[in-house]
Amino acid sequence: MAKNTKKSLNFNENFFASNIFTFNSWPCISEIDKIHPYPGYEAQEILKVYADKNVPIRFAFGSKVGLVRLNDDGSIAESNVLGKLIAINNKSIENYFSFFKRNGFLLPISFDEYESIGKFEIISVINRLHATLELMSTITDMSRTSYEKIVRLIMYLLFAPIVVIETKEGKYSYSSTKHPYTLFLEQSRELSKDPRLNDTFNNLEFKFDDSIYSGTTIEADFIYSTLEGYSKEDKYNHDLFRKIFTVYCAPRKKLSKQFLLINDFLFHYFYKVGIIDRVDLDTTHYLNEEVKKENFDEPLKKAAIQVAKLLIKEEIDFNLKRVRVAYDISKMEPAWKIDSLLSALYFGLFYMRPSMEIYRRCANPKCNEFFLVSVTSRKKKYCCTACMNRDIQARHRAKQRKLD
């Protein structure tokens, strides 16, 4: 159930004066439609949605309160919209139906007829927003920073599948973020190696000076066997590692500083700590479960923070492409034109001031909602008093059961 708070909020659109924007949406009616493509084949489930134009919804964003849904009188009907979306269990699309009905669909949809949306695609979009928020919060709240989580979220944002969603009969098209480095890495096999690496007659090993370490020494035999795909250690024949290593061995002058930073970090992490086979939002899966966490040293940690900041910027910028600034002549003030609820949610991240406020996950394991909190508030672990009391009572009951 959404927590209702009767609290007044000025939703003046003056960005410079109040740092608040407003946005309108409509309730989304969601259904699951089963389609039987062929006799004997398993039925396919398709998400069907349409917007109810009879019940407009208004949102506003304000510093220290985040994105909120408003009542007709301007009071808050639902606070922390972003945190509530991220807290929903993503195992089933049906879990989002109540949120969509209260707050509308993430993208513009038709008023007149049901539209078909892929379940995987919409959950992927939400998961990417989740990863961006959590990465932003993790690198900001240094008292709670987990560098392993930072690496997992970096990998997720870089290599999660790119999805495309079309609505309004193809008139509106949304694509998840295409990171320039990821697109570049897919073409890495076309790169030539640094010419100096051809001189194996006079060199049994080569030194590399990169953006993280100076004087990294790599044996010539390792370089050539790995680039050709027949390394003595099978783990280095991993497809992603070979692509990263191919870029590492290319002439550095031809690559941008941003590409070099990301690639240097990934190479050293894979080479020194462990080769990541795949990730999800909560777990890092290492190849053959081999990981040497003790090798995750300070230079690598510093590079991880730099890479994370770069990816956060790219995620937010990519998702704000449709946001437009316009001048309101009735108020003689600037105003923002926001095309979708998803853009409004990313705009909330855009407006976040990490030096002042961050999102923190509620410590109640049955809640997991992210909530805005002051950076200086080290002790606030729960999104609300009710969550704190429920968690304390649950831990007390668990302790009593152990004693009985």
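Since every read-out is calculated from the coordinates, none of them should be taken as a lab result. Just so you know, these numbers come straight off a predicted model, no measurement behind them. Reconstructed Cβ throughout: ideal geometry from the backbone, glycine too, with neighbour counts over all protein chains shown.
Key figures for this structure:
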item: Residue-span extension gain [D239 to K301] - 0.36 nm each, minus C-alpha spacing; result: 19.9 nm
item: Dipole axis of region 182-308 (+1 Lys, Arg; -1 Asp, Glu on Cβ), positive-most option in F222, F184, Y286; result: F184
item: Whole-Å distance, taken between Cα centres, linking region 169-208 and region 102-126; result: 35
item: Rounded to 10°, Cα long-axis angle of helix 257-268 versus longest principal axis of the chain; result: 70
item: Folded to 0 to 90 degrees: helix 385-403 orientation relative to the chain principal axis, Cα; result: 70
item: Estimated distance in nm for a label pair at K380 and S188, the labels positioned 7 Å out from Cα along Cα-to-Cβ; result: 4.2
item: Potential lengthening between D73 and D280 on full extension [0.36 nm per residue; Cα-Cα distance subtracted]; result: 70.4 nm
item: Extended-chain gain in nm, criterion 0.36 nm per residue less alpha-carbon gap, R196 and A394; result: 64.9 nm
item: Set of lysines with alpha-carbon distance to K207 below 26 Å, sequence-local pairs under 8 removed; result: K193, K232, K235, K243, K253, K254, K257, K272, K292, K293, K301, K302
item: Residues M136, M332 arranged by fewest to most Cβ contacts within 10 Å; result: M332, M136
item: Reachable aspartates and glutamates from K178, criterion Cα separation under 13 angstrom, eight or more residues apart if same chain; result: E186, E314, E315, D317
item: Separation of the A326 and K101 label points, Cα + 7 Å toward Cβ, nm; result: 3.2
item: Label-zone membership for region 181-204, site E228, 7 angstrom Cα→C-beta point, backbone N under 20 Å; result: 189-204
item: E333 long-range amide H proximity, modeled H, under 5 Å; result: D328
item: Helix 298-319 vs. the chain, principal-axis angle (Cα, 0 to 90°, nearest 10); result: 50
item: Candidate lysines for bridging to K381, where Cα separation is under 19 Å - those fewer than 8 sequence places away on the same chain excluded; result: K3, K64, K84, K149, K366
item: Mean ellipticity per residue at 222 nm, deg cm²/dmol - from DSSP H runs of n ≥ 4 across the chain, formula -39500 (n - 2.57); result: -11000 deg cm²/dmol
item: FRET efficiency, D221 to K91 (Cβ-Cβ, R0 56 Å, nearest 0.05); result: 0.75
item: For region 277-285, Karplus couplings with θ = phi - 60° (6.51, -1.76, 1.60), whole Hz, Gly/Pro x; result: 7, 6, 9, 10, 4, 10, 9, 9, 10
item: Alpha-carbon spread of region 182-308, three principal axes, descending order, Å; result: 46, 31, 29
item: Ranked E314, E121, criterion: other C-beta atoms within 10 Å, fewest first; result: E121, E314
item: Distance between modelled label sites at K171 and S214, nm, 7 Å Cα→Cβ extension; result: 6.0
item: Burial ordering of D339, D297, fewest other beta-carbon atoms within 10 Å first; result: D297, D339
